[in-house]
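Read through the structure below, which is laid out as structure tokens, and then see the notes.
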Amino acid sequence: MTPRSAAQALLLACLFGWAQFVQAGRCDPGTECLFAVFPHAGAQQLQDTYASIAEDLSLALDTRVRLVSSSSMGRYQNQLLAGRWDIALTGPGQYIYFAQPAGYLPLATTERLITYRIVTLQRTHIRTLEQLRQRRLGTMWPHTGTRSMTMALLEQARIDPRRDLHTRAFASQRACIHALLIGLVDACGLATPIFRLLEQEKPGNYLTLAESSPHAGGVYLAHPELSPDKRQALTDYLLGRPGMRRARPGYWDHYRKIARHTGELAQ
Amino acid sequence: MKVSWRHSLRLRIAAVTFLLEAAVLGVVLWQTQSYALERARQLIEEQDQIALDLLAEDARQALLTLEYDTLSDVFQQAAANPHIRKILLLDDRGTVVAASGPAPLGKPATPLSLAEGDYRRGLSLRNLAGETGQLQVVFSGARLEQVYRESLQLGMVLGVAGLALIALTSIGLGALLTRRISRLTEYAEDIARGHPAVAVDVGGRDEISALNRGIDAMVESLHGQAARMKRMAYHDPLTGLANRLQFQERLEQALQTARRYHTRHALLYLDLDRFKVVNDSCGHDAGDRLLAELSNVLRAQLRGRDTLARLGGDEFGVLLDRIVLSEALVVAEKLRRAVDQFRFNCDGRAFHLGVSIGVVEINAESPAADRLLALADMACYAAKEKGRNTVEVASDDEASREQTRQMAWVPRIEAALAQHRFLLHRQPIVHTGHPDETIGWEFLLRLQDEQGQLLAPDRFQVAAERFNLMPRIEREVLRMACEAAARTPDHYPGLLFINLSEQTLGDRDYIDQVKRLLREFDLEGTRLCFEVRENAALNRPGTAGEFIRQLGAFGCRFCIEDLGNGLCNLQQLGRLNVDFVKLGGTLVQDLATNPIDARIARAIVDIAGSMGVRLIAQQVETDAQLRQLRSLGVDLAQGFALAPPEPLP
């Protein structure tokens, strides 16, 4: 081989490698696929709950799926909006406010619907929502399903959150429970499944003041750039898990309705 | 009795306490230090674990959220803690994703270098699916070193302070425990020194208190014993009067007073007359009773400040305080009269006694106490010689001094008798015509003095006779002579010539002893021949005659010696019925030179021949004397010319 031909061969090889690199899609083998879970619990708890799912997803996609999250709900929402996550598990709020606009596709959700509730502690001597007037209520970050459903419960009780009580937004439901336990707020608006987890973590004499009707809960999403076969593989895996069902966009219409009612979502 | 501090109980208690407490302190300090260090190590480990857990929480979050920039900031803030050297977070691939300082981020981790004392703790961050990362923290070992150093310093400070405190408490404890013992020791020392011990009360109800009470009881007992001993030492148990020791001390005091203040006192020496009669007649118990009764009689005649003492036997001493001689003589006469009027009743008989009193004045010029007593004794003796029951004033002239010298023999003779230091020599009496033919042996008395020297009788005989000691000496001589003749009869053929003094002539005990010894040694009475000086026999012819008659009943023979040296009352001699007559030594020695002595000797030979008495020439010292004696018809002789005296075989 002449030097000239060798140089040509090397150039061709480089071009091939670059082409391969440029053409590599999300979650292709050899790449790292990010599976993001919205920060509804502590890091360790998220790890313990979803690490095995990430492992299973790795097998399903034949690539390394890395479990990630964000340090705050705001960051998570921004990342979601930026389309950083390949696979995401979000709450109803993140889905309708950020994921859907960013093009994420719903894959699966739990068969079991979730409720939302406003809880207080026995020691506050608050026994009804009416007694919550002029008290301090902890809510979730804006653009979350929990916050939307809390506001809806207040509205049903004819309590104007802006006028009749003092609200305070927290980055996570866990932070709100902390605030309730140390007396920074008198009640918290929470999603019931998360409340059950936190109740085990932070036992206390909790009292539920109001609870919503059941609605669709969290949803597994796939980035729109994920290839159809990978989405299918993901869907197959998720639906194979007990208590899961295929996700339909209409499941979260109730949330959209509330969001439009409050003006957080355009009509 | 002083106890040196090195051997004191106080030091021992302090030392033992100190050692024990120091050992306990050492163990406690060591245990405390060990525990404190172990606890510090645990605390540091716990702190490390807490720091690790806190960092791990953030690390898990970062590993989940991939927000490593924030974590690096957290690590840098954590590393501001001086106990944390470096923090690294590796992901599940071993890639450094966050660090507290410069680190190859995004590259595989290399082993962390550790400074001396530093140590590394790692924590694997895991979820249910496996390890998600690894947190590595390098901690500084300075904390542990600092804890060690501070613990050591604190231990040393505590140790030194503790030792000082223990030393103080040990000394204090030693002093506290022995304080009462020390008081008792001082108390005992006071008692030992004879100081008037003021009773000490150390208090309490413990053993020391019991010891205190024991010492008190002992002191009380000692005081009682001392009082009894003092009384025994200074008093005569029979009469209750002062004894000789106390009397001598009083005499010394009186003498000193006289010399210092020129006062005058008087010493009276009393010797009872005829006391022996009571003793012999009624027994010694009666004699003792007499002395006790008479003591009261004498005491009644004296003033309270005078001293009456029993000096021994029937001798009393009176010290008249501050009195002139004339008044003392009045008191002496009063005493004499009191004794004279005293009657002692015993066995239905009333005994009449007398007392001879010697008086000596005590003034500034008086000699020593011993000499004063001797003078008074001599004056008493003089009173006796004057006929007894009289008062005699002492004088310190040459005669008195000679008498003193004679009196000095009394204790020596007494001692010699007690110690059997009287010895016998013998000298043969032989035929003048046949000097080898011994007809008997004369026993000659010798006294072995305190230095072992042999003294002839002329040294002590005068004193012995004067103080009536001869009977005792001669009884001893008789015993020794009989014993010698019985023990070795072959050495004593013939007669045994034994000298007798005038005093022994009236001694009934002597006659009894002769009888007893003849029986004891199985001797014939005919072998004994008692020699009596011419003067002695003629002074008491009646007594001598009776004595000779009684001993003659046993077959004993008699010899008058020194005939010719005295008055030579031949008529009296003829009545004594003696067997032998010894020509006096002076007469024998002058035979050759003095014709008158030769004629006297011839006359004596003739008279003796006519009386049937055999003549013995004594002190024959030359052959000329022997020849002349032979020519005079003296057939027996003794002396150096024939055989010198010799010790008994």
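The values are calculated or read from the model by the stated rules, or taken from the named source; none is laboratory data. These figures come from a predicted structure and were not determined experimentally. For neighbour counting, all protein chains shown are included, and Cβ atoms are generated from backbone atoms with ideal geometry for every residue, glycine included. Just so you know, the surface numbers come from the protein's heavy atoms only, side chains and all, with ligands and any DNA or RNA stripped out. Shrake-Rupley method; radii C 1.70, N 1.55, O 1.52, S 1.80 Å.
Would you mind calculating the gained length between B:Leu112 and B:Asp201 on full extension (0.36 nm times residue separation, minus the Cα-Cα distance), in nm to one decimal?
Values: separation 89, 0.36 × 89 = 32.04 nm, distance 8.06 nm.
Full extension of this stretch gives 24.0 nm more.
Provide the convex hull volume over Cα atoms per residue for the range B:15-63, in Å³.
Values: hull volume 1.5 nm³, N = 49.
Spelled out: Cα convex hull of the range B:15-63, divided by residues, is 30 Å³.
Let me know the charge dipole size of the range B:511-649 about its Cα centre in debye, to the nearest 20, where only the beta-carbon of Lys, Arg (+1) and Asp, Glu (-1) is charged.
Numbers: 15 positive and 17 negative charges, 76 e Å.
Dipole about the Cα centre, nearest 20: 360 debye.
How about the range A:100-176: which trypsin sites (Lys or Arg not before Pro) there lie in a loop by DSSP and see at most 11 other Cβ atoms within 10 Å? Before the final figure, lay out the partial values.
Working: sites: A:Arg112, A:Arg117, A:Arg123, A:Arg127, A:Arg133, A:Arg135, A:Arg136, A:Arg147, A:Arg158, A:Arg162, A:Arg163, A:Arg168, A:Arg174; in loops: A:Arg112, A:Arg127, A:Arg133, A:Arg135, A:Arg158, A:Arg162, A:Arg163.
Passing both the DSSP loop test and the Cβ count: A:Arg158, A:Arg162, A:Arg163.
Rg/Rh for the range A:74-167 to two decimals, with Rh computed the Kirkwood way over all alpha-carbon pairs. Intermediate results must be reported in sequence, preceding the final value.
Values: Rg = 16.2 Å, Rh = 15.2 Å.
Checking Rg against Rh, the ratio lands at 1.07.
What spacing in nm lies between the two simple spin-label points modelled at B:Thr70 and B:Ala408, each 7 Å away from Cα in the Cβ direction?
A separation of 13.5 nm, rounded to one decimal place.
For B:Glu131 paired with B:Glu524, estimate the spin-label separation in nm (one decimal), with each label point 7 Å from Cα along the Cα-to-Cβ line.
Calculated label separation equals 14.8 nm.
When the convex hull of the C-alpha atoms of the range B:237-306 is computed, what volume per residue in Å³ does it have? Each step should come with its number before you reach the end.
Working: hull volume 6.8 nm³, N = 70.
Once divided by residue count, the hull of the range B:237-306 is 97 Å³.
Please work out the C-alpha center-to-center distance from the range B:215-235 to the range B:265-327 and express it in whole Å.
Each part's Cα centre sits 28 Å from the other's.
Check each of the GluC sites (Glu not before Pro) in the range B:346-396 and keep only those in coil by DSSP with at most 16 other C-beta atoms within 10 angstrom; list them in order.
Working: sites: B:Glu361, B:Glu365, B:Glu385, B:Glu392; in loops: B:Glu365.
Taking the range B:346-396 and a limit of 16 other Cβ atoms within 10 Å, the loop GluC sites (Glu not before Pro) found are B:Glu365.
Do you know the relative contact order of chain A, to the nearest whole percent, from alpha carbon pairs under 8 angstrom that are 6+ apart?
Working: 459 pairs, mean separation 71.1, N = 267.
Relative contact order for chain A comes out at 27 percent.
P(r) for the range B:265-325: what percent of alpha-carbon pairs falls in each 10 Å bin, starting at zero?
Taking every Cα pair in the range B:265-325, the percentages come to 22, 48, 23, 8, 0.
Which parts of the range B:1-37 would a label at B:Leu176 reach, counting a residue when its backbone N lies under 14 Å from a point 7 Å out along Cα-to-Cβ?
In the range B:1-37, the label zone of B:Leu176 (backbone N under 14 Å from the point 7 Å along Cα→Cβ) covers B:14, B:17-18.
Using the Kirkwood formula over every pair of different C-alpha atoms, what hydrodynamic radius in Å results for the range B:423-545? Please report the intermediate quantities before stating the final value.
Numbers: mean 1/r = 0.0648 Å⁻¹.
Every distinct Cα pair counted, the radius reaches 15.4 Å.
Regarding chain A, what's the average projected area of the Cα-atom convex hull, expressed in nm²? Display every interim value, and only then the final one.
Values: hull surface 68.9 nm².
For chain A, averaging the hull's shadow over all directions gives 17.2 nm².
Run the dipole for the range A:177-267 about the Cα centre, Lys and Arg Cβ at +1, Asp and Glu Cβ at -1, nothing else charged, and hand back the magnitude in debye, nearest 20. Could the numbers behind the result be given before it?
Working: 11 positive and 9 negative charges, 73 e Å.
The calculated dipole for the range A:177-267 is roughly 340 debye.
If B:Asp507, B:Asp48, A:Asp62, B:Asp490 are ordered by their accessible area, calculated over protein heavy atoms with a 1.4 Å probe, which sequence runs from highest to lowest?
Values: B:Asp507 25, B:Asp48 0, A:Asp62 105, B:Asp490 140 Å².
In descending accessible area the options line up as B:Asp490, A:Asp62, B:Asp507, B:Asp48.
From zero up to wherever the largest Cα-Cα distance of the range B:251-390 sits, split into 5 Å bins and tell me the percent of pairs in each.
Per 5 Å bin, starting at zero, the Cα-Cα P(r) for the range B:251-390 comes out as 2, 11, 20, 23, 18, 12, 7, 4, 2, 1, 0 percent.
Expressed as a fraction of 2.2 N^0.38 Å, the rule-of-thumb size for a compact globular protein of N residues, what is the C-alpha radius of gyration of the range A:116-211? Please report the intermediate quantities before stating the final value.
Details: Rg = 11.6 Å, N = 96, 2.2 N^0.38 = 12.5 Å.
Cα-based Rg divided by the globular estimate yields 0.93.
Let me know the whole percent of all Cα-Cα pairs from the protein assembly as shown that are separated by more than 45 Å.
On the way: 279978 of 419070 pairs.
Here the long-distance tail beyond 45 Å is 67 percent of all Cα pairs in the protein assembly as shown.
Treat the range B:1-198 as a sphere of radius equal to its Kirkwood radius over Cα pairs and apply Stokes-Einstein at 20 °C in a medium of 1.002 mPa s; give the translational diffusion coefficient in µm²/s, rounded to a whole number.
Details: Rh = 22.1 Å.
Here the translational diffusion coefficient equals 97 µm²/s.
Within the range A:104-131, name every residue whose backbone N is under 19 Å away from a label modeled 7 Å from Cα of A:Glu199 along the Cβ vector.
A:112-129
Taking Cα atoms, how many degrees apart are the long axis of helix B:508-520 and the longest axis of chain B, rounded to 10 and kept between 0 and 90?
Once rounded, the angle reads 80 degrees.
Given a Förster distance of 30 angstrom, what is the FRET efficiency for A:Asp229 paired with A:Arg75, based on the Cβ-Cβ distance and rounded to 0.05? All intermediate terms of the calculation are to be shown ahead of the outcome.
On the way: r = 31 Å, r/R0 = 1.03.
According to the calculation, E is roughly 0.45.
Taking the simple approach of a point 7 Å from Cα along Cα-to-Cβ for both B:Arg259 and B:Cys346, what is their distance in nm?
Placing both labels 7 Å beyond Cα along the Cβ direction yields 4.2 nm.
Where nothing but the Cβ of Lys and Arg (+1) and of Asp and Glu (-1) is charged, how large is the charge dipole of the protein assembly as shown around its Cα centre, in debye to the nearest 20? Before the final figure, lay out each step's value.
On the way: 105 positive and 106 negative charges, 1079 e Å.
I would put it at about 5180 debye.
Report, to one decimal in Å, the Kirkwood hydrodynamic radius for the range B:412-647 based on all distinct Cα pairs. Can you show the working numbers first?
Details: mean 1/r = 0.0552 Å⁻¹.
Result for the range B:412-647, one decimal place: 18.1 Å.
Looking only at Cα atoms, what is the convex hull volume of the range B:519-649 per residue, in Å³? Intermediate results must be reported in sequence, preceding the final value.
On the way: hull volume 15.2 nm³, N = 131.
Considering the Cα atoms of the range B:519-649, their hull volume per residue is 116 Å³.
Roughly what percent of Cα-Cα pairs across the range A:134-267 reach past 22 Å?
Values: 4219 of 8911 pairs.
The share of Cα pairs beyond 22 Å in the range A:134-267 comes to 47 percent.
Let me have the 222 nm mean residue ellipticity of the protein assembly as shown computed from DSSP H runs of 4+ only, each contributing -39500 (n - 2.57), with the sum over all residues rounded to the nearest 500. Each step should come with its number before you reach the end.
Numbers: 28 runs with 448 residues, N = 916.
Result for the protein assembly as shown, helices only: -16000 deg cm²/dmol.
Residues with beta-carbon under 9 Å from that of A:Gly42, excluding A:Gly42: net charge, scoring Lys, Arg +1 and Asp, Glu -1?
Spelling it out: positives minus negatives among the neighbours equals 0.
Which listed residue (B:Asn127, B:Leu176, B:Ala164) has the Cα farthest towards the positive end of the charge dipole for the range B:1-198, taking +1 on Lys and Arg C-beta and -1 on Asp and Glu C-beta about the Cα centre?
Toward the positive end, the furthest listed residue is B:Leu176.
Can you tell me the equivalent ellipsoid semi-axes for the range B:142-273? Use √(5λ) from the Cα gyration tensor, largest first, whole Å. Write down the numbers at each step before the final one.
Working: eigenvalues 926, 74, 16 Å².
Result for the range B:142-273: semi-axes of 68, 19, 9 Å.
Between B:Asn468 and B:Asp288, 0.36 nm times their residue separation minus their Cα-Cα distance comes to what? Walk me through the numbers on the way to the answer.
On the way: separation 180, 0.36 × 180 = 64.80 nm, distance 2.24 nm.
Here the segment from B:Asn468 to B:Asp288 would lengthen by 62.6 nm.
From the C-alpha coordinates alone, can you work out the Kirkwood hydrodynamic radius of chain B, in Å? Working shown, then result.
Details: mean 1/r = 0.0276 Å⁻¹.
One decimal place: 36.2 Å for the Kirkwood radius.
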